[in-house]
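These notes concern the structure reproduced below.
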Amino acid sequence: MCTHLANHFELHFFIFGPHQSIDNLQNKGKFGKIFSSDMLSGFLKTTNKLGYRMARKVFPPHFDSKRYAPDSILKEISYIQQKENYEACIVHTPLLGRCLQAFPGTVVRIIDSHDIWHQKYLNFKSLGYGKLLSQFRNKDKEINLYRSVDLVLAISLWDHKYLVEHGVNSIYTPVSFKPEPLPAKEPTGHDLLYASGKGITNIDALHYFIGKIMPIVKRQIPYLRLKISNVSDEIRNKYSGRPDIVFLPFFDDAHDAYRGADIVIVPLRYASGLKIKVLESFSLGKPTIVSPAAAQGIPVAEYAQERISINPDIFAEELINALRDQRYRKKLSMSGLAIINNNYSPELVYKDIINHIFHEKSP
């Protein structure tokens, strides 16, 4: 998100995040040097020690540990700041929150949270995978970090409300999209698309849909097919050989996966942050059936789906109605495009944060 955001600023701005997030920045070589020399060579020598790995299992570090932002990184950032004199900075996710210590108080400090990570940890824990996000097990640490900075970017309306309720200075700044409707699939059929088959919550959603919802739909629409892109090994191994489940190949253009779908489904049971796959589907004009978790943080009061529920019977009924009723599909498509146009254009998404930062820097 912030790589695109930087293009809208006219002040000296420093963005610090994962290496792939800085590829389009003018001075990317300098940032690349920080990551490759300090983090990947010097730091990994420490993490490879057997004793260190064992200690991590017994006492897993919190997200604000030096493990994620060693002092050598802070020293390098401080040197760059003294040389370049940045007026504002953004760090991607609280994992890099320690980096803000390298900037003086005159710099506007912003965290692009990407998620409420403690909530995501709780979702993973509910599915038996809490250890994967155990660095975010302490809610107070995350909230206190957000309270200590000038501004936190919230990717969804739900996140923004949560942050404000916890005393955080937050601005709602979702990912921007533009309406780019694809032509309706011809000939019309009964092909569904789930646009991401990897990740804990996506795998859970697919198991739930295939086991609980799909059989209900197939009793009335026997020729139904489910297409899955970016499929995980777990899903491939479990459902390989079923003619009604298709694993899509890799597409250079993700739009190709959507072109072959009559309807997109997002039957998530657990979610946090903003579901990019929902907005992507809306922006392409695809009729989309979503669950409450998938709709979290999106203004779905404007969406034409009559009942948003993860109950198998209700989700299946919505899907059957959309497959059978061309007018309902059209309503879903048009209302999704309207949500994108009215809520997620770059001008709307970045307006508040641009105004905020220029206000902060005004004499």
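Hey, does region 259-266 have a residue that's of a type in the set (D, E, K, R), within 23 Å of Ala304 (Cα to Cα) and crowded, with 23+ Cβ neighbours inside 10 Å? The answer is no; no qualifying residue exists. If the condition is being under 22 Å from Phe209 (Cα atoms), in contact with a Phe, Trp or Tyr (Cβ under 7 Å, 6 or more places away or on another chain) and among the hydroxyl-bearing types (Ser, Thr, Tyr), then region 306-354 contributes only Ser309. Checking each residue in region 263-310 for being among the polar types (S, T, N, Q) and more than 22 Å from Gly199 (Cα to Cα) picks out Ser283, Gln305. Can you pull out every residue in region 298-323 that is modelled with pLDDT under 95 and out of contact with any Lys or Arg (no Cβ under 8 Å at 6 or more places or on another chain)? Within region 298-323, Pro299, Val300, Ala301, Glu302 qualify.
Out of Val217, Val246, Val231, one residue alone is in contact with a helix residue (DSSP H, G or I) (Cβ under 6 Å, 6 or more places away or on another chain) and either small (Gly, Ala, Ser) or touching a residue at least 12 places away in the same chain (Cβ under 8 Å) (or both). It is Val217.
The values are calculated or read from the model by the stated rules, or taken from the named source; none is laboratory data. Since we're looking at a predicted model, the values are computed, not measured. Every residue, glycine among them, receives a Cβ derived from its backbone with ideal geometry; neighbour counts consider all protein chains shown.
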